[in-house]
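Here is the structure we will look at.
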Amino acid sequence: MFRDLFQQSRFDLGRLCRFTLTVRKNYRNVPYHNWSHAFSVAQCMFMIMKKSSKTKFSLLEGLALFVACLCHDVDHRGFTNQFMVNSASPLATLYSTSTMEHHHFNHTITILQQEGHNIFTYLSSDDYKQVLSDIKEFILATDLAIFFANKGRLKDITAKQQFDWNIKEQRQLGFAISMTACDLCSSSKPWDIQIGVVGVIFEEFYAQGDKEKAAGKTPMTMMDRDRKDQLPILQSGFLTGICVPCYEILAEILPETQPMLEGTRTNLKRWQADAEKEKEKELAREKESAENAQQSGNAETVSA
């Protein structure tokens, strides 16, 4: 992918291999935020850049986007930003906002600074600074808290049909939402792949919930393995509130990504159908419980 996008002649193959292998090694063995996820996100960005007009991405921008995707979750511990704050993690002390995203970027810089790992040696000083600045911005864009702000701004712009890739601020917003779209790309994939990824995501969530319970805290429903029955409802809400709006905006500014929106909508219908079945089961359980309570009360009255 790297050779296809950026022409290998521009890079020292040894440095590129060392950098990539070290990034891979620095992804931890956690259920979801691991090297497989990073590779999937980078592959999605690769396809967006290949399918989109070349005028959308300059060489430096494309380079920053692709490297940001590879490194966007490096050294992830399998816990959310809020958990890191609540557990008084040293990282949360260092970075009060976008805790893990700041850490991922700084960890990337640490790898680049190792001997024989700087893949950007061919760049001028100004271009080098720009690429690192863009990588930081793009990795931070994977924080959903930042996505919501970006989504609001882009929704206003696209609603007025005023988005323009030639306006720098709007261009950066376009790149940022592209990062979010790639980070969430499993939601747009065929159902069998989507359901498999959701399984490992929630495996990671439940592990965090177990730690919260052990600390005497009540985890959110999505983190509570005792509430697994709520998964279809949670996924319906996630795709409706985050994924579909993200891909709707992306398809507006990059029409070539329309299949991602269609795939996400198809999966949403499946989750909504499963959610309705779960709600019906819950209503049936509540009805049965109420009937049992009434029968028990009647028996006590007769006995008296």
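The values are calculated or read from the model by the stated rules, or taken from the named source; none is laboratory data. Everything numeric here is computed off the predicted structure, so don't read it as measured data. For neighbour counting, all protein chains shown are included, and Cβ atoms are generated from backbone atoms with ideal geometry for every residue, glycine included. We work out accessible area using only protein heavy atoms, side chains counted, and drop any ligands, DNA or RNA first. Shrake-Rupley method; radii C 1.70, N 1.55, O 1.52, S 1.80 Å.
Quick notes
- At full extension, residue 269 and residue 125 could sit 46.9 nm farther apart than now, given 0.36 nm per residue minus the alpha carbon distance.
- Electrostatic tally near residue 275: other residues with Cβ closer than 12 Å to its Cβ, Lys and Arg +1, Asp and Glu -1, net -1.
- Springs between Cα atoms under 10 Å define the GNM used for the chain, and in it the highest mean-square fluctuation of 224, 183, 127 occurs at 127.
- If you model segment 85-141 as an ellipsoid using its alpha carbon gyration tensor, with each semi-axis the square root of five times an eigenvalue, the axes come out at 26, 13, 7 Å, biggest first.
- 222 nm mean residue ellipticity, helices alone, for the chain (DSSP H n ≥ 4; -39,500 (n - 2.57); rounded to 500): -22500 deg cm²/dmol
- With a Förster radius of 25 Å applied to the beta-carbon distance between residue 159 and residue 240, the computed FRET efficiency rounds to 0.85.
- Largest accessible area first, the residues 12, 164, 134 order themselves as 12, 164, 134 under a 1.4 Å probe with ligands, DNA and RNA left out.
- Rolling a 1.4 angstrom probe over the chain with all protein chains present gives an accessible area of which 52% lies on carbon and sulfur atoms.
- Aspartates and glutamates whose Cα lies under 13 Å from that of residue 279, excluding same-chain neighbours fewer than 8 positions away: 229
- Full extension of the chain between residue 288 and residue 166 yields a length gain of 37.7 nm, computed as 0.36 nm times the residue separation minus the alpha carbon distance.
- In this simple spin-label model, placing a label point 7 Å from the Cα along the Cα-to-Cβ direction at both residue 192 and residue 50 gives a separation of 2.1 nm.
- Annotation: lysines with alpha-carbon distance below 22 angstrom to residue 211 (same-chain offsets under eight excluded): 228.
- Cβ charges +1 (Lys, Arg) and -1 (Asp, Glu), total dipole of the chain, debye: 740 debye
- Ranked by the mean number of other Cβ atoms within 10 Å of their residues, highest first, the peptides 208-218, 72-82, 141-151 fall in the order 72-82, 141-151, 208-218.
- Fully extending the segment from residue 144 to residue 217 would add 23.9 nm, taking 0.36 nm per residue of separation and subtracting the current Cα-Cα distance.
- Mean shadow area of the chain, taken as a quarter of the surface of its Cα convex hull (nm²): 19.9 nm²
- Sorting 114-122, 31-39, 276-284 by average packing, meaning the other beta carbons within 10 Å per residue, from highest down gives 31-39, 114-122, 276-284.
- The angle between the Cα long axis of helix 244-253 and the longest principal axis of the Cα atoms of the chain comes to about 30 degrees, rounded to the nearest 10.
- For residue 276 and residue 210, the FRET efficiency from 1/(1 + (r/R0)^6), where r spans their Cβ atoms and R0 equals 30 Å, is about 0.55.
- Segment 2-79: C-alpha gyration tensor shape, a/c 1.5 cut-off, then a/b vs b/c: oblate
- Compared with the dominant Cα axis of the chain, that is its longest principal axis, helix 99-112 is turned about 30°.
- Note on residue 50: lysines with a C-alpha under 26 Å away, same-chain residues under 8 apart excluded, are 129, 136, 151, 155, 168, 189.
- Checking Cβ-Cβ separations below 4.7 Å across the chain identifies 17, 69, 71, 243, 246 as cysteines lacking any candidate disulfide partner.
- For segment 169-304, the dipole from Cβ point charges (+1 on Lys and Arg, -1 on Asp and Glu) about the Cα centre works out to 100 debye, to the nearest 20.
- Evaluated at q = 0.09, 0.19, 0.20 Å⁻¹, a Debye calculation over the C-alpha positions of segment 146-293 (equal weights, vacuum) places log10 I(q)/I(0) at -0.38, -1.12, -1.17.
- Positive dipole terminus of the chain, leading residue within 83, 62, 267 (C-beta point charges): 62
- Heavy atoms of residue 182: accessible area, 1.4 Å probe, square angstrom to 10: 0 Å²
- Overall form of segment 81-229: oblate. Here a/c, set by the Cα gyration tensor axes a ≥ b ≥ c, is 1.5 or more, and a/b is not larger than b/c.
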